[in-house]
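The values are calculated or read from the model by the stated rules, or taken from the named source; none is laboratory data. Given the structure is predicted, the values throughout are model-derived calculations rather than measurements. Here the Cβ positions follow ideal geometry from the backbone for every residue, glycine too, while neighbour counts run over all protein chains shown.
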Amino acid sequence: MKKFFESYTIPDEIKGILKKRNPNSHKGTYGKVGIIAGSKGMTGSAYLASNAALRTGSGLVYNIVSKDILDIMTLKYIEPIAKSFDDINSMMGFLENLNSLCVGPGMGTEKQSEDILKAVLSVEKSLLVDADGINLLAKNLDLLKSRKYPTVLTPHTVEFSRLTGLSPEYINKNRVECAENFTKEYDVTLVLKGHNTIVASKDKTYMNVSGNPGMATAGSGDVLSGIITSLLGRNIDSFDAAKLGVFMHGMAGDFAADTFSMDSLVASDIINNLHKVFRIEELY
């Protein structure tokens, strides 16, 4: 049986974005990443995003969580560092020391989460917004227009419908056009997830070729968020980080499907197959 990853070659648009490691480097060279995610009952989102960032090469990953789940996350983790803060102001001071941020996975849509999102949008760092962050952003879209730093949004169709007011049916029939129109209005990089995920910025568009239906599983989007945030932390351009991250996520999913089958694939399998993607010489 032909394997998923044998059915395509590495696209030219992907080659060379990722650079091989310099022998004279340290953990700070590869980015300090902050993952603002998780809530009671949704600690898995934070766990997956943080571990995906580490497996994508981040030197340090901080999972910033509310105090009510700090002990849980501390027990879950080995490599990621779980942190909590008494208030948003003290958190903001810490975020200034990081290279890239992710906000949203599993964080809930309560007032406190909305306040955190608004504050994080003002941080002068590369930022990825996903999941509950996108649902909250739909009520605060004007904040995007005042943001001057690299921003990546990663909605699926229903989340994108909330952002735009367009019906899911219309979006599915006009995915490229809808993505491009949104990025031109808000000057962000958009990852419109789905079959052949669309990555768009105000002047560039990429359609992904990797991935399989087995990746339609809980937590897969959290993994993607961690991957792209890690690449942003390496100071890779937001459009390049998004298209490379989407491709790597899909290819790791293809490796996982070849091992476990599409039906048995779970999100952590994608993380556990990222190392195979990094071994492909054509990527560099």
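Worth a mention:
- Helices (runs of 4 or more DSSP H) lying entirely in region 95-180 (those with 3 or more residues that are more than 18 Å from the chain's Cα centre (by Cα)): 111-120, 142-145, 157-164, 168-173
- Considering region 206-216, and only residues there that are assigned to a loop (DSSP other than H, G, I, E, B) and touching a helix residue (DSSP H, G or I) at 6+ places or on another chain (Cβ under 6 Å), the residue that is surrounded by the fewest Cβ atoms within 10 Å (Cβ to Cβ) turns out to be 212.
- Residue tally, condition of a type in the set (Lys, Arg), in a helix (DSSP H, G or I) and free of Cβ contacts under 8 Å to residues at least 60 places away in the same chain, over region 35-69: 1
- Residue within region 205-222 that is without any contact (Cβ under 8 Å) to a residue 12 or more places away in the chain and over 16 Å from the mean Cα position of the chain (by Cα) present: no
- Check on residue 72, part of a helix (DSSP H, G or I) and in contact (Cβ under 8 Å) with a residue 60 or more places away in the chain: no
- So residue 203, is it in contact with a helix residue (DSSP H, G or I) (Cβ under 8 Å, 6 or more places away or on another chain), acidic (Asp, Glu) and modelled with pLDDT of 95 or more: no
- Number of the exception - residue 70 against (1) surrounded by fewer than 19 Cβ atoms within 10 Å (Cβ to Cβ); (2) in contact with a Leu (Cβ under 6 Å, 6 or more places away or on another chain); (3) among the aliphatic types (A, V, I, L, M): (2)
Let's see how each residue does on (1) closer than 15 Å to residue 277 by Cα; (2) aliphatic (A, V, I, L, M); (3) out of contact with any His (no Cβ under 9 Å at 6 or more places or on another chain); (4) at pLDDT 95 or above:
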| position | (1), (2), (3), (4) |
| --- | --- |
| 10 | yes, yes, yes, no |
| 18 | yes, yes, yes, yes |
| 34 | no, no, yes, yes |
| 45 | no, no, yes, yes |
| 52 | yes, yes, no, yes |
| 60 | no, yes, yes, yes |
| 64 | no, yes, yes, yes |
| 76 | no, no, yes, no |
